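Read-outs: derived from the displayed coordinates by stated rules, not from any lab. Remember, predicted model here, so these are calculated numbers, not experimental data. Quick reminder, even Gly has a Cβ in these numbers, built from the backbone with ideal geometry, and neighbours come from all protein chains shown.
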Amino acid sequence: MQAILDHLKASTSSILSDVETLVRLESPSTDATHINLVQDTLEAWLKPFGEITRTPHNLGDILHCRIPGSLSKRVVLLAHADTVYSVGAWKSGLWRIEGDQAFGPGGYDMKAGIVQAIWAIRTLKTLNLEPSCTIDFLITPDEEIASHAGRPHIEALATGASAVLVLEPPHLNGDLKVARKGVGMYTVKVFGKAAHQGTEPENGRNAIVSAAHFIAEVVKLQNLTLGTTLGPNVIHGGSVTNVVADEVKLEVDIRVWTLAEAERIEREIRLIQPLEGTRFEITDGLNRPPMEPTPGSMAILEKAQKIANEIGFHPGAARVGGGSDGNFTATIAPTLDGFGAFGKNAHQKDLEFITISELAPRTALLAGLLLEL
Ligand SMILES: [Zn+2]
């Protein structure tokens, strides 16, 4: 491990400059033109290592690089090229370094994670340490907006893989992520009946009042002990103040640790009764199933911890509320998340940063693990 770590430490400024290159190519979700510029760069970087497949999509291309190994075992590296920031959103500039911290849109989530993985592969090649597994490196265009484009590719590659390593950042304390909540959103439309609020209010059926009743009931489905939460966080409705409101649209965030809880909510949310004369239309639901730890994922964690200890850090096992594309693969193949860059402030414009001195050890961890899987 020492040779790998030394090589990466000596390469830190090149690693950082690759992160800067990707960060300067701002790539908000749905902006296919900008996302494809990132994919062009990654394709050029990955080309020397394996066979590239690019699948066009109107949200941006899906980029896949297969790096063949000597054994039939296969490891999937999962990443996304999109960020949550619109072009020009960062008023503080696209790239700035303050001490050990490098700030830029999407550097932490997750362009530095992609760069680390490329450097892990590059370093192994340079040191003639060929991993025995085949590596499937997948970079999708739409993780931040529910992964409709990426999901089929993610699931297909995970099928039959011996491990899926997700290049999202580790937990804030540096832990690897063994569990993520299942995440989704219910869209609830409430239909009432419009009427003049002054002349015939008795003929109206108020959708806002019925929505208020729904909200009061839906939060009762929470089970905080089990970590099940329901957040009615968006509401639009009514027209003008002298008309009885006839339509409301609600969006309710749902998060669960287990599939059993997701199924309970799916059942019980539909049992909530609308007030008389109004009607609920409930659509959507769980988008990402929960990523629950499995014997397979815990075995990878153990290997990763041993390697990290050799390098000089001690990651634990984190359980986090936010979802990632690892949620899709956890039931298909042993999945471990958090192999990206160390840093802070994901999704916070002008504030998101990576920790420069952690680039080499975190990359070394991934390189070491690719040799062991
Ligand atoms: Zn991410």
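Per-structure values
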{"item": "Extension gain (nm, one decimal) between Gln222 and Gln273, 0.36 nm per residue minus Cα-Cα", "result": "16.6 nm"}
{"item": "Where trypsin sites (Lys or Arg not before Pro) in DSSP loops with at most 16 other Cβ within 10 Å are excluded, longest remaining stretch of the chain", "result": "92-269"}
{"item": "Relative contact order for the chain, counting Cα pairs under 8 Å that sit 6 or more residues apart, in percent", "result": "25 percent"}
{"item": "Relative contact order, percent, the range 249-355 [alpha-carbon distance under 8 Å, six or more residues apart]", "result": "23 percent"}
{"item": "Eligible lysines near Lys181 by straight Cα distance, threshold 22 Å, same-chain separation 8 or greater", "result": "Lys220, Lys344"}
{"item": "Estimated inter-spin distance, Ser132 and Lys189, nm [label 7 Å along Cα→Cβ]", "result": "5.7 nm"}
{"item": "Length gained when the stretch Thr21-Leu172 is fully extended (0.36 nm per residue, less Cα-Cα span)", "result": "51.9 nm"}
{"item": "Folded to 0 to 90 degrees: helix 112-126 orientation relative to the chain principal axis, Cα", "result": "20 degrees"}
{"item": "Student exercise, the range 319-373 dipole from Lys, Arg, Asp, Glu Cβ charges, in Debye to nearest 20", "result": "100 debye"}
{"item": "Net charge, Leu8 excluded, C-beta distance under 15 Å - Lys, Arg +1, Asp, Glu -1", "result": "0"}
{"item": "Cut-off 18 Å, label 7 Å out along Cα→Cβ of Val234, residues of the range 302-338 by amide N", "result": "323"}
{"item": "Folded to 0 to 90 degrees: helix 32-46 orientation relative to the chain principal axis, Cα", "result": "20 degrees"}
{"item": "Signed unit charges on C-beta, dipole axis of the chain, positive-most listed residue Thr225, Ala149, Gln2", "result": "Gln2"}
{"item": "Charge dipole (the range 176-325, unit charges on Cβ, about Cα centre) - positive-most of Val244, His196, Leu176", "result": "Leu176"}
{"item": "Dipole magnitude of the chain, debye to nearest 20 (Cβ charges: Lys/Arg +1, Asp/Glu -1, about Cα centre)", "result": "480 debye"}
{"item": "Nearest 10 degrees, 0 to 90: helix 12-24 Cα axis against the chain principal axis", "result": "30 degrees"}
{"item": "Cβ-placed point charges (K, R +1; D, E -1), dipole of the range 182-288 about Cα centre in debye, nearest 20", "result": "180 debye"}
{"item": "Proximal aspartates and glutamates relative to Lys47, as straight alpha-carbon distance under 18 Å, when same-chain residues fewer than 8 apart are discounted", "result": "Asp18, Asp61, Glu130, Asp136"}
{"item": "His314, His64 arranged by Cβ crowding within 10 Å, fewest neighbours leading", "result": "His314, His64"}
{"item": "Estimated FRET transfer efficiency (Ala3, Thr283; beta-carbon r; R0 51 Å; 0.05)", "result": "0.40"}
{"item": "Value of relative contact order over the range 182-319, rounded to a whole percent, pairs C-alpha under 8 Å and six or more apart", "result": "34 percent"}
{"item": "Long-range tail of P(r) for the chain (Cα pairs > 40 Å, %)", "result": "22 percent"}
{"item": "Residues of type lysines that Lys193 reaches as a straight line, Cα spacing below 16 Å, ignoring anything fewer than 8 places off in the same chain", "result": "Lys249"}
{"item": "Per-pair calculated FRET efficiency, R0 = 30 Å: Thr294 and Glu51 via Cβ, rounded to 0.05", "result": "0.50"}
{"item": "Sparse-neighbour loop sites [GluC sites (Glu not before Pro); the range 265-356; at most 16 other C-beta within 10 Å; DSSP]", "result": "Glu276"}
{"item": "Percent antiparallel among DSSP beta bridges (both partners in the chain, rounded to 5)", "result": "70 percent"}
